[in-house]
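One structure is given below, encoded as structure tokens.
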Amino acid sequence: MSVAIITGASKGLGRALGGALAREGWDLVLDARTPGPLAEAAEEIRAHGTRVTAVPGDVTDPAHRAELVAAAALLGGLDLLVSNASALGAEPLVRLDALGLDGLRAALETNVVAALGLVQESLPLLRAGGAGTVMAVSSEAAAEAYETWGGYGASKAALDQLAAVLAVEEPELRVWAVDPGDMRTDLYAAAVPDDDDPRPEPASVVPGFLRLLHERPVSGRYAAASLLWAVR
């Protein structure tokens, strides 16, 4: 049975991806900062008949990251690590001339430092399986310049680079940075609260993530939108 760790799994993309993997028979370790919503997500996903371990905590805490990997080991190993937990740095987003440096540090700590720390903690299990996979959830803001998205985009660009270098250093693994595109999530609502334009539900992009897992293309950066064209 395949085992995955998904961070930021209590809602949004993490929860939708967890449900999709469970339907395909994956056992899961789910992370989120808020225990109540995480427990609800775990109960919902567990209904698909797989083993689900919910581990509430903050990914910036090294002890919590170790707890996540230990939970995966108890399920039999680790085949997939999904770094989905994210921080904006400012809510709502602001221009760079108004971005508090403490906020930028917080975004970098969650989106980059903690993501790398979890990879480091997970590598022994990922290597042991022989076909380990890392999915780093990126953003269009990592590659394009959008007003007010500078701090968040910079953190995601750094995450993309870490994923690219990890792929070179760990050629036996698959390492994908995946841009899910616009989605209707609490994170987006916090970033741009006055934007009333309809956004796709997170579940709508999950088939693109599953296509990566099914076809296992070379390590690299992928956009869910381009992956979805081939699914349709």
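Read the figures in this text as sums done on the coordinates, not as results from a lab. These figures come from a predicted structure and were not determined experimentally. So basically every Cβ, Gly included, is an ideal-geometry build from the backbone, and we count neighbours across all protein chains shown.
Ordered by residue, what ³J(HN,Hα) values in Hz, to whole numbers, does the range 122-128 give under the Karplus form 6.51 cos²θ - 1.76 cosθ + 1.60, where θ = phi - 60° and Gly and Pro are x?
Couplings: 8, 3, x, 6, 5, 5, 5 Hz.
Using amide H atoms built 1.01 Å from N in the peptide plane, name the residues 5+ places from ALA32, or on other chains, whose amide H lies under 5 Å from its own.
GLY8, ALA9, VAL55, GLY57
What's the extension gain from ASP186 to THR34 if we count 0.36 nm per residue and subtract their Cα-Cα distance?
Additional length available on full extension: 53.3 nm.
For a quick check: with amide H placed at 1.01 Å from N, whose amide H comes under 5 Å from GLU201's, ignoring anything fewer than 5 positions away on the same chain?
Counting only residues 5 or more places away or on other chains, the set is ARG184.
Considering Cα pairs under 8 angstrom that are at least six residues apart, work out the relative contact order of the chain and quote it in whole percent.
Contact order relative to length: 18 percent.
What residues have an amide H closer than 5 Å to that of VAL175, excluding those fewer than 5 places away on the same chain, when H is modeled at 1.01 Å from N in the peptide plane?
The list, which skips near neighbours in sequence, is VAL134, SER219, GLY220.
Can you pull the one-decimal nm distance between simple spin-label points at GLN120 and ASP61, each 7 Å off the Cα toward Cβ?
Between GLN120 and ASP61, the simple spin-label model gives 1.9 nm.
Can you work out ³J(HN,Hα) from phi for every residue in the range 11-28, in order, using Karplus 6.51 cos²θ - 1.76 cosθ + 1.60 and θ = phi - 60°, giving whole Hz and x for Gly and Pro?
7, x, 4, x, 5, 5, 5, x, x, 5, 5, 4, 5, 9, x, 6, 8, 9
In whole Hz, with x marking every Gly and Pro, tabulate ³J(HN,Hα) for the range 58-71 from phi via Karplus 6.51 cos²θ - 1.76 cosθ + 1.60, θ = phi - 60°.
Running phi through 6.51 cos²θ - 1.76 cosθ + 1.60 with θ = phi - 60° gives 10, 5, 6, 8, x, 5, 5, 4, 5, 5, 4, 5, 4, 5 Hz.
So if each residue of separation counts as 0.36 nm, and I subtract the Cα-Cα distance between ASP196 and GLU44, what length gain in nm does that give?
Going from the current span to full extension adds 51.8 nm.
How far apart, in nm, are two points set 7 Å out from the Cα along the Cα-to-Cβ line at ALA131 and at ALA203?
Computed distance between label sites ALA131 and ALA203 equals 2.8 nm.
First check a/c for the chain, with a ≥ b ≥ c the square roots of the eigenvalues of its C-alpha gyration tensor; if it is under 1.5, answer rounded, and if not, answer prolate when a/b is larger than b/c or oblate otherwise.
Judged from the Cα gyration tensor, the chain comes out rounded (a/c under 1.5).
Calculate the spin-label point distance for VAL113 paired with VAL165, positioning each point 7 Å from the Cα along the beta-carbon direction, and give it in nanometres.
1.6 nm
For a Förster distance of 41 Å, can you work out the FRET efficiency between the beta-carbons of GLU172 and ALA225, rounded to the nearest 0.05?
That pair, GLU172 with ALA225, gives E of 0.90.
For GLU24 and ALA145 in the same chain, what is the full-extension length gain: residue separation times 0.36 nm, less their Cα-Cα distance, in nm?
Gain on stretching GLU24 to ALA145: 39.9 nm.
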